Amino acid sequence: MLDQSKPRRRSLGRFLWPAVVTAAAVVAVVVTSAGDDTRAELQYLDSMHETASDLSRGADSLRVVISRLSRIDRSELVTATDGLREDLETGLELVETGPSSENLVAANAVYRRALEAWTVGVSGFASGILAAADDPSDTVVTDNIANALAELRAGDRLYTDLVRELEEEEVPDPVAAVPEVLMLPA
């Protein structure tokens, strides 16, 4: 009798090896793609960290200016707020390009809104304080400053929401946590 088990093994092996090689190639492509997405997410988070670090330093300066408002001169206020506006513009440029991953869309939206609120607040505060210095009897200036402070506070709260959003499971852990940014003293 003829032994027919050997040809079956050969024909099974002939189909099994190409299937294993194909499956390995598909897994490699998926893993590489996932690695590229994670790298892009981490790069975006790193850029976010850089802009937030600059904003944190600018916010520290603004809080010092606010605490010494009756004792500073005009140039110190202008220097602090102009530097902060530049940092805010850099942050807004980052959020305009947006993240490359769906996992960071919500974080990008919250960061954008915080940056926009801070921008309105810093501009309104600076112009309001300068207007009050020029004409202390102008009562409209008080309302403008109050609105600017409300925008700064809103930006602070939104940034706190951003930090919470970055702690979600879908977001990869950044190399360094985003720094604390508070434009107004507690």
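Brief remarks follow.
- Verdict on GLY58 being open to solvent by less than 60 Å² (accessible area, probe 1.4 Å), assigned to a helix (DSSP H, G or I), at pLDDT 60 or above and small (Gly, Ala, Ser): yes
- Taking (1) more than 18 Å from SER61 (Cβ to Cβ); (2) open to solvent by less than 40 Å² (accessible area, probe 1.4 Å); (3) touching a residue at least 60 places away in the same chain (Cβ under 8 Å) in turn, LEU162 satisfies each apart from (3).
- Qualifying residue in the stretch 149-159 (condition: among the aliphatic types (A, V, I, L, M), without any contact (Cβ under 8 Å) to a residue 24 or more places away in the chain and not in a loop (DSSP other than H, G, I, E, B)): no
- Residue in the stretch 119-127 that is touching a residue at least 40 places away in the same chain (Cβ under 8 Å) and either outside any helix (DSSP H, G or I) or within 11 Å of the chain's Cα centre (by Cα) (or both) present: no
- Of all residues in the stretch 91-131, those satisfying the criterion of being closer than 24 Å to LEU162 by Cα, of a type in the set (S, T, N, Q) and surrounded by 15 or more Cβ atoms within 10 Å (Cβ to Cβ) are SER101, ASN103, ASN108, THR119, SER123.
The values are calculated or read from the model by the stated rules, or taken from the named source; none is laboratory data. Note that the structure is predicted; figures quoted are calculated from it, not measured. Because the Cβ atoms are built from the backbone with ideal geometry, glycine has one as well, and the counts that use them run over all protein chains shown. Protein only, heavy atoms only, side chains kept; ligands, DNA and RNA dropped before computing areas. Shrake-Rupley method; radii C 1.70, N 1.55, O 1.52, S 1.80 Å.
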